């Protein structure tokens, strides 16, 4: 069974993304990055991207990560905080250690594309 299915598929990924953005937007250290963002559109991209990372549908059509984050001034600390929030949300939804490890690996592999 792929990681996407083991996570709970589309509904679970959408729930995780909603919870993630509630945490991010409630954190003064992070909320400023999203001040001028079309949040529903961003959430849709994040659901598609996370689904793809987990082996689900390959529906992500957004910009590449580097292009989407260039000029935002994202610090390593802020990137790590978002990653910790994502992992915490997924753990809270009951995903297993293999899924968390896979997400942790992707976060590490794409950090240079997101952090300024």
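The values are calculated or read from the model by the stated rules, or taken from the named source; none is laboratory data. None of these values were measured; they are calculated from a predicted model. Here the Cβ positions follow ideal geometry from the backbone for every residue, glycine too, while neighbour counts run over all protein chains shown.
Condition check ((1) closer than 22 Å to residue 112 by Cβ; (2) touching a strand residue (DSSP E or B) at 6+ places or on another chain (Cβ under 6 Å); (3) outside any loop (DSSP other than H, G, I, E, B)) across all residues:
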{"residue": "1", "(1), (2), (3)": "no, no, no"}
{"residue": "12", "(1), (2), (3)": "no, no, yes"}
{"residue": "20", "(1), (2), (3)": "yes, no, yes"}
{"residue": "33", "(1), (2), (3)": "yes, no, yes"}
{"residue": "50", "(1), (2), (3)": "yes, no, yes"}
{"residue": "57", "(1), (2), (3)": "no, no, no"}
{"residue": "63", "(1), (2), (3)": "yes, no, no"}
{"residue": "72", "(1), (2), (3)": "yes, no, no"}
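Test each condition in (1) in a loop (DSSP other than H, G, I, E, B); (2) modelled with pLDDT under 90 for residue 67 and report the one that comes out false.
For residue 67, the exception is condition (1).
What pairs come out if I take residues in the range 22-43 that are on the phi < 0 side of the Ramachandran plot and in contact (Cβ under 8 Å) with a residue 60 or more places away in the chain and pair them with residues that are surrounded by 12 or more Cβ atoms within 10 Å (Cβ to Cβ) and in a loop (DSSP other than H, G, I, E, B) whose C-beta lies under 7 Å away, six or more apart or interchain?
24/30
For the range 85-116, name all the residues that are exposed (fewer than 13 other Cβ atoms within 10 Å of the Cβ) and in a helix (DSSP H, G or I).
Selection gives 92, 97, 98, 101, 105, 108, 109, 112.
Residues in the range 46-64 that are modelled with pLDDT of 85 or more and under 14 Å from the mean Cα position of the chain (by Cα): how many?
Our first condition is that a residue be modelled with pLDDT of 85 or more; within the range 46-64, this holds for 46-58.
Within this subset, residues satisfying the condition of being under 14 Å from the mean Cα position of the chain (by Cα) are 46-54.
The number of residues fulfilling the criteria is 9.
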